[in-house]
Every structure is written in C-alpha cells, then in structure tokens.
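Below: one structure, written as structure tokens.
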Amino acid sequence: MNRPLPTAIDVAATAASYLEEALGVLALRLKHEVAVTRVLRGDTRQENFLGLFLAEEDAQAMLDEIAGRTAVEGGAETLDRIARLEAAQRRRRRAHPDLPWSRLAHAFRLTEAELDLILLAAAPSIDPRFGRVYGFLNDDMARRILTPALAQRLLAAHEIDLATLRTSLAPTRPLRRHGLVQIADTSPLMEAALTVPEPVIDLLLGADTPDPTLAALTDRFDGNGAITDENLVVLVGPDCGAAALDAAGPAAVVRLEAARVAHLDPSALRNTVRAFLRQAHLAGDLPYLAGFATAPQATRADLALLATAPCLLDAPRMGLWAQAGLAAPERAAPPLPPQAESTLFGPSPLAIATGIPLLDRLALRNRFATAPSNLEAAVRARAAQGMDGVAELVETTFGPADLVLAPAALRQLADFASWRRHAPRVLNEWRFAAAFRRRPGAVALFRGPSGTGKTMAASVVANAMSLPLFRVEIAGLVSKYIGETEKNLERLFAAAAASDVVLFFDEADALFGKRTEVADAHDRYANLETSYLLQRIEAQDGAVILATNLQDNIDPAFLRRIDMVVDFPAPTGPDRLRLWDRLRSTAAPLAADLDLPFLAAGFELTGGEIRNILVAAAHAAARDGVPIGMRELVRALAQEWQKSGRPLRRTQFGPYFVHLREPPP
C-alpha cells in the first residue's frame, strides 16, 4: 500500500474534528440510555444519593429494571437515528486511513466494537461531563468511569454479548496486550474501572509531539511519504539498517534500540515498547525494534507478543525470533557493497562509509550525508551509543607509526583490524558461517610484559576499524553476590553488540582465569563464571581484545576461542632507541648533550617505562627553565629504575652518574 501522508497539522485537525463528532454521537446514545434508565428506575429513586444507600423499594426497582430493559421501547425512531450516525462515523473512519483511529484499528487488528469501547473509556478523560453521566448510569455517583457492565449496555448496537466482551478484555487480547485500555484489578470484572492511558488519548487527539521520555530513547529518520512495506518482518544479517530504509521507502523509520533500554526491568521494558509501538503506528511511522534478538528468551517472548505489523525487527542469524514465538517472515539483509581498497591504518572516507556497521548507515543517511568531514566522528559517536556505565572510553589518535613492534606482530594487527571488514564475504558469500558455525566476531590475545604497548596496540586496531575502544573495568564487573557477575557481563556484551565497539579487557587473566577443582561453594561459582564467559565470548559478534602479563593463568579453553595471539616482548636495543628518539618528534627544547644511544644500549626498559622517563624529564626541565638534557633524563631514569627495586650502579650509568650526585635545585 502506498498512500500520501498528510501533514501533522492536517492529521491533528482531522482527528480533532472526528473525535468531536464521535463524542457528539456518544452523547446522543447516552441521552437515550439515561431516558431509558429513568423510566425503568421510576420516579421514586433518590438520584441525589445514588450508591450511598439502597432502600427496599430501590432494590425492587433495580430488579424491575434488569428484568424489563428489553421490554422498554425507548423510542425506535431515536435509536434508528443514533444507529445511522454511528454507521456514518464508522464509514468516515474507513474512508480516512490516516486518522489515528484508522491506524489504531489497522495496526492492532481491532474490531469496530473494540474501537467504540476505546471511545467510551476515553470520554470521561476528554470531557468530565461524560463521567458524571456514567456515574448516574452506574447507579453510583462516586464511580464516574466506564465499567464492562455499562459498556455492554452502550455497545448494544454491536450486539455484543457478555462472553464476547469479557474475551475482548482478556490480558492476551489487543486492547490490554498493547496498553490501549487499562482495567482496574478489582472483582468482579464487570464492575472494574476501564480507562485509556493519557498518552493514548493524546495520540487519538492527533498530537504530533512525542512523549519526551520516549523521544530520548528513540531515533527518527525522516521520510516524505507512506510506508511501502506493511508486514511484520525480521531482517537478518549485517545490513539491517539499510534494509530498514528500503522497507520504509519514503516513510519515516523510528528505531528503539535494545542498548538504550537495557537498564529497564521487564515490566518497564514492556511498557516502553508498548508506548513506542503505539506512538509509531498512530503517527504513521515504521517502528524498528533493533538489537533485541540476543536478549534473554523471556524478553524476546514478551516482545513477540507486542510486535504488530507494520514493524521491523532484526537478528544476527535466522531463527532467533521464531524460537521466541514470533510468526514473521525472515528477510536476509544484503551483504556489504564492495568498497575501495585502502591502507589498513588510514581508511579513506569511502572505506569508512562502506565499512561501518549498517545501523550506523541508517543514522548517517539523515544526519551526516551533507557533512562528509564529520563522517568518522559521527560513526564513532553512533557506534559507542549505549556503552555508558559498562566500560570506559579510550580516545587516542595512535596509528601504526606509533607502534614499536616486530614486523610479524604488525602484520597480525593488520590482519585482525581487517577481520570485520571481510567477515560478510567470508561468512555469507563463501558460506563459512554455515559450514563452520562461525560468527563475525573476532577475539585477539595480546600477551607480554607490562609496558610493551598492548593498550596502544588496541587503540591502533580500534582506530583502523573506525570504531571506539572501550576498556572494561573488571573491578566493576565482578561481584561477591552469586549471579551478579554474570548479569554484569551480559549487560556489557549486550551493550557492545548493540553499539558495535572494540572491547578491551586489560589484565584479562583476572577474569578469564583457569577453572579449578571444586573444594567449596566459592570454587563452584567461580567455575560457573568462567564457563559463562566461554559461552558468551563465542557468541559475541564484535571485536574483543584480551591483554595479559600472565598467559599461564588463562583457562586453556579460552585459547580455542581466540582467533589470534600477538606477542609483545620487551623491546630490543634498536627498538628502545626508536622509543627514545620519540623525544625528537616533540616541540620541547633539547640540550646538545643528549646521548640517546647510550640510554638505549645500557638500560633494558619497556616502552611504558621510557614514556614515563621522558614525561618526568620534561616536567623537570620546565620547572628549572632549561632544555631537556642528560641530567634531566638520567635523574628521571634513576627514579623509574628504582621502582622495581633495581640497584643504581656507577658502571651502568658511566659518565652520567655524576648527575645523580648533584644536589637538587
């Protein structure tokens, strides 16, 4: 179906006009019902005290009313006129598919009687005078609300029997399942209060301003026409964002991402998704539930009940939503388009644009199409969305020139950085995913002594992928309470999957430790945490880097799940000289007595230690107002050397030992 989409002003005006007419017709039906009720109750009823006391004659009158309702004529001509007006309202509703009421019926598969029930329940919230009339008809002026019993009387034109009405109000039926009508938890059901949530009333009135709380959780990608795909569809594969735009055609796509609502409990999440779908359907937008396919089974089952066409969902692989009970066709998203070849550690804007995750393309289409200079920053910001609170962002501009490593290690880093770019071709086109049960995720282990550049290398890889690097704070993940560590890890991996980032576990041996013989409950639960990590690492779709100084402490089962091991040995003499020579690339004033080859040959230091020495020497020179010379470097080196308990020997420092004997300035 493809129909023109009116402006928000047109829709609001039409919605308000329709609602005004519908309430006018409802007033006529209520006027008739009040007249019939007066006849049946008789002239002796104490209407000013309805519900406050019940005399014997009033009780008898109520029984007479129940027994005689069908015998009262009530004016056949009046009833015919009301029926004609109600039929005209329904025809107008069908003739204007862009009315909120028509969209409501279409999206949630509502009957005419259910739409009228929503109108009856909403009337007291729109005009309090309807509430007072309801109080009279309820025989209790303190209960100015619609009840199922009163609804059955007012829906007589639809010939709704008691069983049908109760079925319509069941929790699994559309009215309550989608939060269109709320029913008080009281007994008996026929006297429970029926109300319509205020956000639904706003939508029915044609309001075009979304709930601010909901707006903060969603992204809107504007179109200029109607939805072209009115099905319930699961998009499968890496290119779900572009496929969503294709399905929407010229219409707007409104996306709710799992990472944005990961902090909500199941009840709050259910209500948020209900509100999101209602608002999208009534606004004529195409709702897109993104990233929920890897949520727990119970969460997916809840969402499967709520999702109504037109609606899009996505999944990294086939069958995840079918397992949750969602009967929707699965459509394979197209693979990444071919991209221009570029150097690994300096991708061109074209390479960035075609190599980013496709949910990012969805955002970039609207926001950054006219600002290519902001493309890389936009990709990074979009990819990192949802990671707040689970890991720390590491921002650097390091490139391959900053790494002092053996050529073999640099090649390994280049291979790892290109893994994600080539995953669609290898896994989908070449069908390695089906043949070897492989996923697009990749795991690397960086091993070597502290200070050898593992963190810098992780930054270089992340920059090459044009993705943000997030360092996992292990202390914040591990909890002494049973099951909490697993929950924290699940939240971390779910946020990473939805945000598409590079996860960096520094000192990974603390979390990925070996399983032990079970001697007590602590050992059993520690082993459970390791087993959970084994499963979760294998199931993830993103890039993960583990860094450790103690590989022997890592459980051997993790090594099978690691795609690449990169060694970071302590630097040799020539490598150390390259690290010392970085001082010359700065703008700091340098003294003529610098003897960097002497320092590189005589002191076995790591890159991290050399960095600390250079920074400390620079601060000392700035304090004394002198260039950086051997005196500042030797003194800073001595402080760093003694950190690890190594002695200061005159023979090692040679002619520069004299600087250690000079009094402080």
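The values are calculated or read from the model by the stated rules, or taken from the named source; none is laboratory data. Note that this is a predicted model, so its numbers are computed, not measured. Using ideal geometry, Cβ is built from the backbone for each residue, glycine included, and neighbour counts are taken over all protein chains shown.
Cβ-Cβ contacts under 9 Å between residues 6 or more apart (or on different chains), taken from a first residue in segment 264-282 that is touching a residue at least 24 places away in the same chain (Cβ under 8 Å) to a second residue that is among the acidic types (Asp, Glu), are listed as Pro266/Asp302; Leu269/Asp302; Arg270/Asp302; Val273/Asp302; Ala275/Asp211; Gln279/Asp211; Gln279/Asp285.
Is it the case, given these coordinates, that Ala588 is over 30 Å from Leu503 (Cβ atoms) and buried (at least 18 other Cβ atoms within 10 Å of the Cβ)? Quick ask: steps written out before the conclusion?
On the way: over 30 Å from Leu503 (Cβ atoms): yes; buried (at least 18 other Cβ atoms within 10 Å of the Cβ): no.
When the stated conditions are applied, Ala588 does not pass them.
Within segment 93-118, count every residue that is hydrophobic (A, V, I, L, M, F, W, C) and closer than 15 Å to Tyr18 by Cβ. I'd like the intermediate steps shown before the answer.
First, the residues of segment 93-118 that are hydrophobic (A, V, I, L, M, F, W, C): 95, 99, 101, 104-105, 107-108, 110, 113, 115, 117-118.
From what's left, closer than 15 Å to Tyr18 by Cβ: 95, 99, 101, 104-105, 115, 118.
The total comes to 7.
Might you let me know whether segment 427-435 holds any residue that is closer than 20 Å to Arg576 by Cα, touching a residue at least 40 places away in the same chain (Cβ under 8 Å), assigned by TED's automatic domain parsing to the domain that holds Gln412 and among the charged types (D, E, K, R)? Looking through segment 427-435, none of the residues is closer than 20 Å to Arg576 by Cα, touching a residue at least 40 places away in the same chain (Cβ under 8 Å), assigned by TED's automatic domain parsing to the domain that holds Gln412 and among the charged types (D, E, K, R).
Of the residues Ala423, Ala494, Ala434, which single one is under 30 Å from Asp314 (Cα atoms), of a type in the set (Gly, Ala, Ser), out of contact with any Ser or Thr (no Cβ under 9 Å at 6 or more places or on another chain) and crowded, with 18+ Cβ neighbours inside 10 Å?
Values: Ala494 fails: out of contact with any Ser or Thr (no Cβ under 9 Å at 6 or more places or on another chain); Ala434 fails: crowded, with 18+ Cβ neighbours inside 10 Å.
It is Ala423.
Tell me which helices (runs of 4 or more DSSP H) are completely within segment 78-181 and hold 3 or more residues being over 29 Å from Ala301 (Cα atoms), in the same structural domain as Leu23 (by TED's automatic domain parsing) and of a type outside the set (Ser, Thr, Tyr), or say none if there are none.
Passing ranges, in order: 112-126, 128-137, 148-154.
Tell me which helices (runs of 4 or more DSSP H) are completely within segment 623-665 and hold 2 or more residues being over 17 Å from Phe603 (Cβ atoms) and of a type in the set (A, V, I, L, M, F, W, C), or say none if there are none.
Values: elements: 630-643, 650-653, 658-661.
Here the list is empty.
As a summary of the residue check, Phe653 satisfies the conditions (1) within 24 Å of Pro400 (Cβ to Cβ); (2) of a type outside the set (Gly, Ala, Ser); (3) surrounded by 13 or more Cβ atoms within 10 Å (Cβ to Cβ); (4) without any contact (Cβ under 8 Å) to a residue 60 or more places away in the chain except for the one numbered (1).
The set of residues in segment 278-297 that are more than 24 Å from Leu489 (Cβ to Cβ) and over 15 Å from the mean Cα position of the chain (by Cα) comprises Arg278, Gln279, Ala280, His281, Leu282, Ala283, Gly284, Asp285, Leu286.
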